[in-house]
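One structure below.
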Amino acid sequence: MTIKKKLKKPNLVIIIPARLRSERLSKKLLRKINNIPMILRVAKSAINCNLGDVYVATDSKQIFNLCKKNNVNSIITKSNIKSGTDRVFSAYKILKKKYDLIVNLQGDLPIFEKELIKKTSDLFLDNKTDIASAVCNLLSSEINDKNIVKAKVKLDKNNEGFAKDFLRTIQNKENFYHHIGLYVYSPDSIKKFVNLNQTQNETKRSLEQMRAIDNKMNLKVVKFKSNPPSVDTLEDLKKIRLLFKNNYS
């Protein structure tokens, strides 16, 4: 489905995949930041954007009950799901509601701006877009950091472009940007994505977006001025906690 220019505010749903198990930081979505579990911070921030319905899609009764207690919509999904987008689609099917766009918002982004979701969703004004995502400038210190995913893309004058590849390590920064873990799909494109087999690049690199690239789906990105900090490691968590302590309630 293409979102036409005349549709100023598409009917979208934000689904946050929230698997309890995490490899680099155990149960990270339940880790507290200023006494509030991270998954609740992300969900509440998404709700406050007022862009559409918000749901947490989880395999954990603990996360489900936490969301229910705090008036956050949550859906239980199976634990043996291949990727975050597969979990989002599973929740979307359970909802049995029609939306123009489906946003896959990562549960480890406790700080992000409303414009991140809005501008990424606006990429569907281009009828060639199958999947929309976002990037920002890549720092020299991030080139060899495997935790930072790099998107290869040639941006146009509007700071938009179709991604050609995604890597964890690169040789130089030319046409590479720091990938921000946000995806927007149409109902048709997310269905197509989850029905594709996982590719060798996806499993080898642990990057679900390679399934789209390897199958010639058009993944368009927009560049943002800054990177919303994600939490992948204990060191990341310590930095976020300090940031919140000094700047947020």
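Tell me which residues, restricted to region 79-104, are more than 19 Å from Arg211 (Cβ to Cβ) and of a type outside the set (Val, Ile, Thr). Explain how you work it out, then say what you get.
Of all residues in region 79-104, those more than 19 Å from Arg211 (Cβ to Cβ) come to 79, 94-101.
Scanning region 79-104 gives Ser79, Leu95, Lys96, Lys97, Lys98, Tyr99, Asp100, Leu101.
More than 20 Å from Lys28 (Cβ to Cβ), crowded, with 22+ Cβ neighbours inside 10 Å, under 15 Å from the mean Cα position of the chain (by Cα) and of a type outside the set (Gly, Ala, Ser): is that true of Val103 in this structure? It is true that Val103 is more than 20 Å from Lys28 (Cβ to Cβ), crowded, with 22+ Cβ neighbours inside 10 Å, under 15 Å from the mean Cα position of the chain (by Cα) and of a type outside the set (Gly, Ala, Ser).
The residues in region 204-226 that are under 18 Å from the mean Cα position of the chain (by Cα) and either free of Cβ contacts under 8 Å to residues at least 60 places away in the same chain or not in a loop (DSSP other than H, G, I, E, B) (or both) can be counted, and the count is 14.
Quick check on region 21-66: of everything there that is assigned to a strand (DSSP E or B) and in contact (Cβ under 8 Å) with a residue 40 or more places away in the chain, which residue is nearest to Lys118 (Cα to Cα)? It would help to see each step written out before you state the result.
Residues of region 21-66 that are assigned to a strand (DSSP E or B), as a first pass: 32-33, 36-37, 52-58.
The next check asks that each one be in contact (Cβ under 8 Å) with a residue 40 or more places away in the chain; those that pass are 33, 52-58.
Working: Ile33: 26, Gly52: 11, Asp53: 14, Val54: 14, Tyr55: 17, Val56: 19, Ala57: 21, Thr58: 24 Å.
Within region 21-66, the match that is nearest to Lys118 (Cα to Cα) is Gly52.
Within the option set Leu12, Leu7, being modelled with pLDDT under 95 and aliphatic (A, V, I, L, M) holds for one residue only, Leu7. Of all residues in region 93-114, those being among the acidic types (Asp, Glu) and modelled with pLDDT under 95 number 2.
When Arg87 is tested against (1) surrounded by 22 or more Cβ atoms within 10 Å (Cβ to Cβ); (2) farther than 25 Å from Asp188 by Cα; (3) of a type in the set (D, E, K, R), just one condition goes unmet, and that condition is (2). Mind listing whichever residues of region 135-179 are acidic (Asp, Glu) and modelled with pLDDT under 95? Selection gives Glu142, Asp145, Glu174.
For (1) surrounded by 20 or more Cβ atoms within 10 Å (Cβ to Cβ); (2) under 28 Å from Tyr99 (Cβ atoms); (3) not assigned by TED's automatic domain parsing to the domain that holds Lys93, each residue gets a yes or a no:
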| site | (1), (2), (3) |
| --- | --- |
| Asn137 | no, no, yes |
| Val153 | yes, yes, yes |
| Gln171 | no, no, yes |
| Asp188 | no, yes, yes |
| Glu202 | yes, yes, yes |
| Asp214 | no, yes, yes |
| Asn218 | no, yes, yes |
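The values are calculated or read from the model by the stated rules, or taken from the named source; none is laboratory data. As the structure is a computational prediction, the values presented were derived from the model and not from experiment. As a convention, Cβ positions derive from the backbone with ideal geometry for all residues, glycine included, and neighbour counts pool all protein chains shown.
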